[in-house]
Amino acid sequence: MEEDLNQSAKETTTYNMEAQENEVENDPESNSLHQPLIKRKQTLSSTPLAMVGAKVSHIESLDYEINENDLFKHDWRSRSKVQAGPGIPEIKAYLNGVDTPNMFGATTLIVKIIGSIGAVSAGLDLGKEGPLVHIGSCIASLLGQGGPDNYRIKWCWLRYFNNDRDRRDLITCWCLFRSFKAPVGGVLFALEEVATWWRSALLWRTFFSTAVVVVVLRASMEFCNSGNCGLFGQGGLIMFDVSGVTVRYNVMDIIPVTVIGVIGGVLGSLYNYLLHKVLRLYNLINEKGKIYKLLLSLTVSLFTSACLYGLPFLASCTPCDSSNPEYACPTTGRAGNFKQFNCPTGYYNDLATLLLTTNDDAVRNIFSTNTPKEFHIFSLIIFFALYCILGLFTFGIAVPSGLFLPIILMGSAYGRILGIAMESYTNIDQGLYAVLGAASLMAGSMRMTVSLCVIFLELTNNLLLLPITMIVLLIAKTVGDCFNPSIYEIILDLKGLPFLDAHPEPWMRNITVGELADAKPPVVTLNGIEKVGRIVDLLKNTTHNGFPVVDEGPPPVGFAIGATKLHGIILRGHLVLALKKKWFLQEKRRTEEWEVCEKFTSVDLAERQGNIEEVAVTKDEMDMNIDLHPLANRTPYTVMESMSVAKALVLFRQVGLRHLLIVPEYQAAGASPVVGILTRQDLRAHNILSAFPHLAKSKGREKGN
């Protein structure tokens with residue numbers, strides 16, 4: 001039993017608020033336009049997931065580090081921003097080991113659903129794909145945990161999912177297919193972009209979930225074919241079908257394809273740069289209060305409506321093509337390629353066809369093949385310019401919004417423009433140029449290749465596009481990487497989420513973890529048998545989430561006489577649990593196994609234990625003792641103080657740690673067996689550079705080389 005309990009004490013990170021305050025004060029770029037948006041509010045909860053070992057256990061619990069001060073309660077919980085935006089960056093950070101309060105809560109789910117419906121219905125230039133990914137993740141998290149905290153179902157079989165690993169896997173499985181109807185592309189999206197830790201079991205789980213969804217969707221489509229679902233019965237798995245055109249290209253067509261890729265990379269990086277500036281500006285506006293958030297959203301909505309209705313008057317009327325009786329011209333229904341608008345009978349307005357419709361139908365119209373004269377280049381230029389502006393200023397307002405469709409709209413427009421310009425030099429259809437343009441802009445902004453390639457093939461149903469699509473994606477990503485990070489990385493940085501990259505900075509090889517520990521306050525340790533009063537005092541006066549447990553006694557071989565030994569590490573929540581359970585002893589002694597089994601269960605250790613303020617301890621109990629040995633993790637990950645920060649970062653991220661203990665090369669008599677503890681915040685490049693400014697110079701020299 002003791003061994004099982006020790007295995008449960010997975011490590012937890014500590015968010016050092018005081019250190020960050022000092023960092024902001026000393027940072028010359030700590031003004032409103034440069035510091036992370038959440039960091040400025042000092043409300044980020046950094047709680048990496050412990051995913052150590054292959055065996056799933058009920059006692060693998062998340063013990064989130066949340067600073068319960070008045071600022072936190074007033075600011076973060078009342079003005080949480082997780083409902084706005086796409087949600088994919090936050091999910092990516094969560095799967096990397098960072099948790100934000102109420103990220104997958106029931107209120108977030110409800111607000112996300114209602115907000116997405118309202119935003120899409122309003123005709124705003126935003127996508128529903130990102131919010132749908134977040135909605136699916138909320139459902140997966142709530143189902144796996146038995147519902148919200150206050151109304152949780154206590155079924156025994158749900159205990160299997162009551163651990164970090166299965167909760168993470170459930171969230172990973174709800175990927176892109178829920179929004180874009182791309183089952184295989186969704187699995188690859190989870191692999192390439194979202195999930196930090198990937199294994200074979202997760203691969204078949206995500207594939208199984210997409211298979212179930214596609215079967216249910218197909219059955220629902222068959223049911224709706226009879227007209228039982230109204231407008232909801234339209235559509236299918238192929239959203240933008242371009243299979244009806246013959247794909248012909250030769251070696252000379254590689255030149256325009258390369259041009260599309262280069263332009264997509266440049267425009268994608270430019271879009272990322274400008275969106276970064278707009279989001280900074282929006283943050284200054286939103287900080288002024290809720291009324292300013294509302295006014296900003298109303299302004300963007302009114303501007304969008306005015307442009308969508310007013311700009312079609314600039315376009316000229318185009319006569320309908322009588323040689324193509326397959327399509328009604330002008331269109332009289334809700335959708336179609338030929339909107340009459342202000343034109344006489346027998347004519348249509350091509351710009352109204354693109355603007356006065358849903359975003360999905362606008363993409364279908366631009367992707368349409370075998371229609372070389374359908375859209376004038378002037379109308380496409382207006383459409384492209386408008387959606388560039390709307391794509392920049394719509395994302396960031398207080399509504400759930402995605403990035404997929406806005407980027408596809410911009411990319412498809414400029415792709416079709418290039419197709420018209422190169423019509424005499426290439427055999428590729430204009431609609432296929434639009435597909436390539438959308439793919440290039442997405443790769444230039446999001447920096448994905450494999451998953452985007454499969455997604456576009458599934459959405460367009462044309463496998464013959466595979467070779468040139470691969471070329472476009474690779475070129476656009478390579479060009480975009482020369483300028484700035486991907487859009488999701490920029491959003492992560494803006495929100496101050498401590499996301500750990502797979503590759504450490506080169507200058508991290510020039511500093512050791514021992515030097516990093518020396519720059520921090522001394523580590524706080526607990527004795528194996530500790531006084532209740534000292535534990536209560538530590539929990540009330542510190543925000544640390546993990547404490548090394550040391551023992552006095554005969555020193556191990558090779559250690560100096562009088563040296564203490566490291567027993568393990570214990571979590572803050574388990575200390576609170578011991579106080580709640582009154583795990584007190586009159587004398588200093590090690591407890592027996594049967595005593596531990598009577599007092600604690602694995603479920604107790606898996607549940608969150610609340611705050612120290614909720615625990616009532618009498619004055620007499622303060623002088624009693626607690627045996628911490630059975631509650632501590634006996635095998636924490638440790639590194640020597642001479643290890644480089646670069647190697648420690650790789651170990652920390654790949655193993656999925658919360659704490660990494662630093663031990664001395666040689667322990668002198670009376671010295672602590674622990675030099676320091678590294679958490680996620682300590683390994684962030686920005687925090688290291690603030691403590692060691694001289695490393696910034698070596699960073700610049702390495703970039704110059």
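Given H placed on each backbone N at 1.01 Å, which residues far from Gly568 in sequence or on other chains put an amide H within less than 5 Å of it?
Val549
Per-residue HN-Hα couplings for the range 533-547, Karplus 6.51 cos²θ - 1.76 cosθ + 1.60 at θ = phi - 60°, whole Hz, x for Gly and Pro?
Using θ = phi - 60°, the values come out as x, 5, 5, 4, 5, 5, 5, 7, 9, 10, 10, 5, 10, x, 10 Hz.
Name the shape class, rounded, prolate or oblate, that the alpha-carbon gyration tensor gives for the range 251-494, where a ≥ b ≥ c are the square roots of its eigenvalues, rounded holds for a/c under 1.5, and otherwise prolate holds if a/b is larger than b/c and oblate otherwise.
Judged from the Cα gyration tensor, the range 251-494 comes out oblate (a/c at least 1.5, b/c at or above a/b).
With a Förster radius of 30 Å, plug the Cβ-Cβ distance of Tyr292 and Leu356 into 1/(1 + (r/R0)^6) and report the FRET value to the nearest 0.05.
0.45
Quote the charge dipole size of the range 479-602 about the Cα centre in Debye, to the nearest 20; the model charges only the Cβ of Lys and Arg (+1) and of Asp and Glu (-1).
Charge dipole of the range 479-602: 700 debye, to the nearest 20.
Quick one: His567, His376, His574, His134, fewest Cβ neighbours within 10 Å first, how do they rank?
His376, His567, His574, His134
Check which residues have an amide H placed less than 5 Å from Asn527's amide H, if you skip close sequence neighbours.
Amide H to amide H, under 5 Å and 5 or more residues apart or across chains, Asn527 pairs with Val550.
How big is the dipole moment of the range 506-704 about its Cα centre under a simple scheme where the beta carbon of each Lys and Arg is +1, that of each Asp and Glu is -1, and everything else is neutral? Debye, nearest 20, please.
In debye, rounded to 20, the range 506-704 gives about 1040.
At Ser642 and Asp253, where each label point lies 7 Å from the Cα along Cα→Cβ, what is the point-to-point distance in nanometres?
Label at Ser642, label at Asp253, 6.2 nm between them.
Compute the distance in nm between two label points, each set 7 Å from the Cα along the Cα-to-Cβ direction, one at Ile117 and one at Thr618.
With each label point 7 Å from Cα toward Cβ, the separation is 5.6 nm.
Show me, for the range 451-462, the HN-Hα J-couplings you get by feeding each phi into the Karplus relation (A = 6.51, B = -1.76, C = 1.60, θ = phi - 60°), rounded to Hz, glycine and proline as x.
For the range 451-462, the Karplus curve yields 5, 5, 4, 5, 4, 5, 5, 5, 6, 9, 6, 9 Hz.
By counting other Cβ atoms within 10 Å of each Cβ, how are Thr246, Thr369 ranked from fewest to most?
Thr246, Thr369
How high is the FRET efficiency from Thr331 to His686, r the C-beta distance, R0 60 Å, rounded to 0.05?
0.65
May I ask you to evaluate 6.51 cos²θ - 1.76 cosθ + 1.60, the Karplus curve with θ = phi - 60°, for each residue of the range 619-627 and list the ³J(HN,Hα) values in order in whole Hz, giving x for glycine and proline?
Running phi through 6.51 cos²θ - 1.76 cosθ + 1.60 with θ = phi - 60° gives 5, 5, 5, 4, 8, 7, 10, 10, 8 Hz.
In nm, to one decimal, how far is the Tyr273 label point from the Thr345 one, both placed 7 Å along Cα→Cβ?
A separation of 5.4 nm, rounded to one decimal place.
As a footprinting exposure proxy, order Arg590, Arg168 by other Cβ within 10 Å, with the fewest listed first.
In order of increasing Cβ crowding within 10 Å: Arg590, Arg168.
Taking 0.36 nm per residue of separation and subtracting the Cα-Cα distance, what length does fully extending Lys697 through Phe303 add?
Full extension of this stretch gives 137.2 nm more.
Could you pull out the chymotrypsin sites (Phe, Trp or Tyr not before Pro) across the range 470-544 that fall in loop regions by DSSP (anything but H, G, I, E, B) with no more than 14 other Cβ atoms inside 10 Å?
Phe483
Quick one: which residues, 5 or more positions from Glu641 or on another chain, have an amide H under 5 Å from its amide H? H modelled 1.01 Å from N in the peptide plane, none for Pro or chain starts.
Val663, Glu665
FYI, it's all coordinate maths here, none of it is from the lab. Computed from a predicted structure; not experimentally measured. Cβ atoms come from the backbone with ideal geometry, glycine included; neighbour counts cover every protein chain shown.
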